[in-house]
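Colleague: Below: one structure in structure tokens.
Only the coordinates and a few stated rules stand behind these numbers; no lab work does. Predicted model only: the values in this text are computed from it and were never measured. Here Cβ is always computed from backbone atoms with ideal geometry, including for glycine, and neighbour counts include all displayed protein chains.
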Amino acid sequence: MGGAGKGKPVHNRIYGRLHQMKTFFLFVFLLALSAPALAGHIAGGEMYYRYVGPGTSAQTNRYEITLRMFRQCNPPMVGGQQLAQLPQSANITVFDLATSTPVASQQVLQDNFTTLSLLSPLPCIQSYSPVCYQVATYVWQTDLPINASGYTAAFQTCCRSNSLVNIVRQQLGNNSTGEGATYACDIPGTLTLGTEVNSSAVFGLKDTVLVCQYKNIHIDFSATDPDVSDSLSYALCGAYNRGDAQGADSSHIASRPPYQNVSYTPGFSGSTPMGPNITIDPVTGIIQGRAPANGGYVVNVCVTEWRNHKAISVHRKDFMMSVQACDFAAADLPASYIDCTDQTLNFANESTSSQVHSYLWDFGVTTMTSDTSNLPTPSFTYPDTGTFTVKLVINRSEQCSDSALVPVKVYPGFKPAFTVVGSCVTNPYRFTDGTTSRYGVVNNWRWDFGDADVTNDTSLLRNPSYKYNSVGDRSVQLIVGDSKGCLDTLSQTVKVEAKLQIDLPFRDTLICSIDTLQLHASSNGTFLWSPTATMIDYNTPDPKVFPKDTTVYYVNATYNGCTNTDSVRVNVLDSITVKMASDTTICRTDSVQFHPVSYGLQYLWDPAGNMNDATLKSPAALPLTNTLYHVIAHLGKCVAEGSINVKVVPYPISKAVPDATICYGSTVALHGDIVGSSFKWVPANSLQDANTLTPIAGPTHTTPYILYAYDTLGCPKPGLDTAIVTVIPQVHPFAGRDTAVVKDQPLQFQATGGVYYTWTPSTGLSNPSIANPIGLYDGSYDSIRYQVRVATAEGCYADTSVLVKIFRPYPEIYVPSAFSPNHDGKNDVLRPIPVGVQRLVYFRVFDRWGNLIFSTSEINKGWDGQVKGQPALSGTYVYTVEGIDYKNAVIVRKGTFVLIR
């Protein structure tokens with residue numbers, strides 16, 4: 001479905017755009033028909049009228065009023081029920097436009113029913129759903145008295161689709177949620193038309209159109225007007241809600257006008273029903289822009305009829321546009337490129353289709369042959385300024401190829417700038433544009449002065465003025481452009497002060513009574529300082545003062561009616577002193593910082609060679625020998641001196657050895673040497689004789705032992721050294737579980753826990769020095785217990801053992817005839833005893849009724865007499881067991897045993 005208008009069939013239009021146009025618009029259901037909810041069957045509709053002629057009675061006109069409604073062809077089932085069909089009849093009501101009083105009502109039978117489908121989808125389209133919808137038409141001719149105000153005809157229904165993205169679902173009377181629609185048209189009266197008559201504009205039925213999400217669309221939604229002298233304009237407008245319609249009853253009489261719009265979800269409105277990227281051309285009725293995400297969207301187009309430059313009527317068409325998650329290959333570029341900073345631009349195809357296989361860019365420099373690229377996102381530096389035409393071809397020589405041409409403007413040297421001059425909140429601030437353009441003329445400005453409390457804080461002048469009505473920081477923004485199309489935005493924070501701003505480098509200072517001091521103030525306008533008795537140049541920003549006593553000097557600044565006053569306190573001293581700390585002792589290689597107490601403002605230290613800055617009041621020094629430091633302090637012409645002696649002593653000496661590696665559970669003797677008066681080891685909790693220089697270390701994990709040495713010579717810090725004892729983790733040997741074999745049965749051992757293995761005795765073993773020897777026995781022993789030593793690469797070791805019982809008969813699986821699971825440590829678990837068996841397939845226990853109550857395939861695992869966590873009853877039970885012997889023969893045994901409590 002779409003708007004009226006003439007043109008090629010949709011599939012031909014789409015094909016042409018695939019191969020000829022810059023933006024390939026495709027694929028959205030214009031009327032689309034998505035979303036299931038019980039009785040949510042209406043996909044759109046409109047009501048229009050045609051003047052037939054004079055009525056059968058005097059002072060009446062006959063009109064033909066037509067209602068069209070649309071429905072998805074095969075909507076989904078909801079709750080096992082098919083959604084409601086388009087009604088066989090519909091109640092159309094006519095109201096007097098001035099009084100909203102109903103003047104006529106008719107249950108109108110369905111006049112026509114048709115099905116429209118998209119018959120020839122293109123082969124380049126992927127992941128789309130078939131487009132098909134049903135159209136029902138209801139036609140009613142009626143005579144209406146000629147009146148001044150005119151009439152409104154309307155039909156209301158309860159139920160739009162429930163999958164709509166852009167409107168809010170409302171509560172219906174049947175406790176379900178959804179939203180309905182009102183389809184209406186206005187018939188103007190003599191106040192609008194005079195003695196003339198009118199027929200409304202009509203949107204014609206066209207072939208179906210698809211739109212894919214995030215693709216550019218370009219859809220002709222124009223209408224035709226039977227009155228050829230009338231002109232039409234188009235706008236997107238709010239869709240009407242259901243009024244008081246609660247159910248799908250087609251006999252419902254519409255509520256009185258005026259009608260209210262549906263409630264739109266945030267981000268959408270009647271004028272932006274698919275978001276800000278979709279618009280309609282007011283002259284042509286073309287809906288265009290970039291489609292939003294997939295989903296259903298209520299869209300309402302209003303076409304206004306104009307006669308003799310006067311709007312006489314508005315006709316509305318309400319439909320649901322369904323955007324699909326389909327895909328197609330396209331060359332999709334912006335409308336133009338412009339570079340105003342340098343001559344290098346980055347290009348990219350805005351289509352995200354997975355069907356784009358190749359790119360061919362031509363950057364439009366006619367004097368070059370190397371201005372091409374096969375990259376998907378190339379960069380290109382233009383050799384000169386000017387306007388060029390870039391061409392992109394995707395999937396060249398393929399069926400799904402497309403191309404696009406866009407202009408590129410290269411005019412670097414556009415630099416936005418502006419300055420602000422202002423005094424205070426009582427006077428205007430002056431804004432001066434300083435933007436420069438090397439190739440164009442700066443010709444458009446838009447200022448936003450950042451006044452959040454007002455709406456008229458903008459200007460289109462180049463150099464405007466603006467008066468703020470309150471103090472505070474304002475973010476001022478200038479959007480500026482030139483004749484070449486360059487456009488940029490610049491922001492700056494402007495401080496709006498209550499008074500004229502005065503900046504002082506200091507507000508409290510100190511001088512000697514025999515000195516002169518120069519003050520300084522920064523501000524606009526004129527200055528006046530006081531008191532003037534001990535001042536020179538009191539009407540300048542930089543007066544000189546020579547007070548004999550502490551004095552506060554005041555400065556008053558005046559500019560454009562704004563004033564402010566600030567002050568500087570000048571403290572006066574007749575002399576100064578320098579008080580140093582007591583002499584000190586430091587450790588050699590350490591630094592010391594001095595903190596003299598003095599009112600001096602300048603300092604000079606001696607010696608200066610090992611200081612970070614000999615002119616600081618509190619410098620840091622790094623003396624290597626005993627040093628006497630001297631300082632001279634100045635307050636202007638007042639001078640004082642001080643000194644401090646720094647004694648330098650060496651650090652105590654500490655030596656700790658050895659760095660050692662031990663096995664877990666072993667110890668090592670440490671040894672320490674010091675030059676000092678005392679010492680301590682840290683940590684001490686894993687040392688024996690920690691208060692000696694020869695402790696024994698027995699850590700359980702790798703530990704650094706630090707030996708601290710102290711002296712009494714004055715160095716306040718210890719000397720230290722570290723011995724690291726690395727502990728090899730504990731060895732966890734395992735030789736396997738005790739087992740049994742029969743004569744001549746090979747037995748595979750597998751010891752773990754280390755790197756080296758030693759088995760003793762070596763009787764029957766293939767190799768006693770590996771982890772996995774094979775044992776083979778001639779039956780001369782009943783059993784053998786092997787001792788296995790497991791060692792690490794560092795030589796740490798631990799021992800374990802394994803017992804092997806040797807039977808002379810053939811392989812067998814033995815099961816005890818009774819067990820007593822009373823937790824006394826004897827016969828508490830019933831286990832099968834495999835002899836000569838390499839693998840247990842299963843061991844299963846059944847109760848007397850044949851229920852399986854235990855099963856395992858692990859050797860040495862058995863039943864503990866519990867069933868689902870509860871003790872089983874005493875009595876007889878059945879078992880089955882199966883195993884594979886060392887010759888791969890199957891052994892199966894069945895029998896009974898007794899559980900004794």
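Colleague: In whole angstrom, how far apart do the alpha carbon centroids of the stretch 408-443 and the stretch 656-680 sit?
Modeller: 76
Colleague: Right, something else. Shape verdict for the stretch 748-835, please, from the Cα gyration tensor: rounded (a/c under 1.5), prolate (a/b greater than b/c) or oblate.
Modeller: Working: a/c = 3.15, a/b = 1.59, b/c = 1.98.
Oblate, because a/c is 1.5 or more while a/b does not exceed b/c.
Colleague: If r is the Cβ-Cβ distance from N443 to S263 and R0 is 56 Å, what FRET efficiency results, to the nearest 0.05? Show your work: numbers first, answer last.
Modeller: Working: r = 44 Å, r/R0 = 0.78.
The value I calculate is 0.80.
Colleague: Taking the Cα centre of the chain as the origin, how large is its charge dipole in debye, to the nearest 20, when only Lys and Arg (+1) and Asp and Glu (-1) carry charge on their Cβ atoms? Write out the running numbers ahead of the final one.
Modeller: Details: 62 positive and 69 negative charges, 381 e Å.
About 1820 debye.
Colleague: Turning to a different aspect of this structure: For the peptides 395-405, 677-687, 236-246, what is the packing order when you average, over each peptide's residues, the other Cβ atoms within 10 Å and list the highest mean first?
Modeller: Values: 395-405: 17.1, 677-687: 14.9, 236-246: 21.0.
For the peptides 395-405, 677-687, 236-246, the packing ranking is 236-246, 395-405, 677-687.
Colleague: Related question: Between the alpha-carbon centers of the stretch 757-800 and the stretch 719-748, tell me the distance in whole angstrom.
Modeller: 13
Colleague: Amide H neighbours of G55 under 5 Å, counting only residues 5+ apart in sequence or on other chains, H built in-plane at 1.01 Å?
Modeller: T60, N61, R62
Colleague: Suppose the chain between S817 and D503 were pulled fully straight at 0.36 nm per residue; how much longer would it get relative to their current alpha carbon spacing? Don't skip to the end; give the middle numbers.
Modeller: On the way: separation 314, 0.36 × 314 = 113.04 nm, distance 10.55 nm.
Value of the extension gain: 102.5 nm.
Colleague: Karplus couplings for the stretch 511-518 from phi (6.51 cos²θ - 1.76 cosθ + 1.60, θ = phi - 60°), rounded to Hz, Gly and Pro as x?
Modeller: These are the phi-based 3J(HN,Hα) values: 9, 7, 5, 9, 10, 10, 10, 9 Hz.
Colleague: Can you tell me, using C-alpha contacts under 8 Å and at least 6 residues apart, the relative contact order of the chain as a whole percent? Each step should come with its number before you reach the end.
Modeller: Values: 2401 pairs, mean separation 57.6, N = 901.
Taking the mean separation of contacting Cα pairs over the length of the chain, I get 6 percent.
Colleague: Grab the DSSP H runs of the chain that are 4 residues or longer, score each as -39,500 (n - 2.57), total them, divide by all residues and round the 222 nm result to the nearest 500 deg cm²/dmol.
Modeller: Numbers: 2 runs with 15 residues, N = 901.
Result for the chain, helices only: -500 deg cm²/dmol.
Colleague: Something else: Using a simple charge model, +1 on the beta-carbon of Lys and Arg, -1 on the beta-carbon of Asp and Glu, nothing else, what dipole does the stretch 812-899 show about its Cα centre, in debye to the nearest 20? Kindly include the intermediate steps, with their values, before the conclusion.
Modeller: Working: 10 positive and 8 negative charges, 34 e Å.
So the dipole magnitude of the stretch 812-899 works out to roughly 160 debye.
Colleague: Return one quarter of the surface area of the convex hull spanned by the alpha-carbon atoms of the stretch 573-727, equal to its mean projected area, in nm². Numbers along the way, then the final one.
Modeller: On the way: hull surface 44.9 nm².
Answer in nm², one decimal: 11.2.
Colleague: Of the labelled options (1) 1.20; (2) 1.11; (3) 0.96, which one gives Rg/Rh (Cα atoms, Kirkwood Rh) as computed for this structure?
Modeller: Derived directly from the coordinates: (1).
Colleague: Can you tally the net charge around L707? Count Lys and Arg as +1, Asp and Glu as -1, for every other residue whose Cβ sits under 9 Å from the Cβ of L707. Could you put the intermediate results ahead of the total?
Modeller: Values: positive: K655, K680; negative: D673, D721.
With Lys, Arg at +1 and Asp, Glu at -1, the net is 0.
Colleague: From the Cα gyration tensor of the stretch 477-613, with a ≥ b ≥ c the square roots of its eigenvalues, which class applies: rounded if a/c is under 1.5, or else prolate if a/b is larger than b/c, or else oblate?
Modeller: Numbers: a/c = 3.79, a/b = 1.45, b/c = 2.61.
Oblate, since a/c reaches 1.5 and b/c is not below a/b.
Colleague: Oh, and also: Tell me which aspartates and glutamates have Cα within less than 14 Å of K579's Cα, excluding those fewer than 8 residues away on the same chain?
Modeller: Excluding near neighbours in sequence, the set is E641.
Colleague: Treating only the Cβ atoms of Lys and Arg (+1) and Asp and Glu (-1) as charged, compute the dipole magnitude of the stretch 521-600 about its Cα centre; round to the nearest 20 debye. Don't jump to the answer; show the numbers that get you there.
Modeller: Numbers: 5 positive and 7 negative charges, 12 e Å.
It comes to approximately 60 debye.
Colleague: Would you mind giving the average projected area, over all directions, of the Cα convex hull of the stretch 255-391 in nm² with one decimal? Don't jump to the answer; show the numbers that get you there.
Modeller: Numbers: hull surface 55.3 nm².
Mean orientational projected area (the stretch 255-391, Cα hull): 13.8 nm².
Colleague: Work out the FRET efficiency for I146 and K310 from their Cβ-Cβ distance, taking R0 = 25 Å, and round it to the nearest 0.05. Walk me through the intermediate numbers first.
Modeller: Working: r = 19 Å, r/R0 = 0.78.
Once the sixth-power term is evaluated, E becomes 0.80.
Colleague: Additional query: Which FRET efficiency, nearest 0.05, do N626 and I514 yield, Cβ-Cβ r, R0 35 Å?
Modeller: Between N626 and I514 the formula returns 0.35.
Colleague: Another question, then. Set the bar at 32 Å for Cα to Cα. Now go through K499/K617; K215/K484; K805/K894; K409/K467; K617/K717; K391/K484 and name every pair that lies beyond it. Don't skip to the end; give the middle numbers.
Modeller: Working: K499/K617 38 Å; K215/K484 29 Å; K805/K894 24 Å; K409/K467 38 Å; K617/K717 27 Å; K391/K484 21 Å.
Result: K499/K617; K409/K467 exceed 32 Å.
Colleague: So for the pair T712, I784, with labels modelled 7 Å out along Cα→Cβ, what separation do we get in nm?
Modeller: Here the answer is 7.2 nm between the modelled labels.
Colleague: Using θ = phi - 60° and the Karplus curve 6.51 cos²θ - 1.76 cosθ + 1.60, what whole-Hz ³J(HN,Hα) does each residue of the stretch 870-877 get, with Gly and Pro shown as x?
Modeller: For the stretch 870-877, the Karplus curve yields 10, x, 6, 6, 5, x, 9, 10 Hz.
Colleague: Quick one: pull the percentage of alpha-carbon pairs in the stretch 578-649 with a separation above 17 Å.
Modeller: Numbers: 949 of 2556 pairs.
Value for the stretch 578-649: 37 percent of Cα pairs lie more than 17 Å apart.
Colleague: Something else now. Tell me the label-point distance for the pair L803, K579, using the 7 Å Cα-to-Cβ offset, in nm and rounded to one decimal.
Modeller: 8.9
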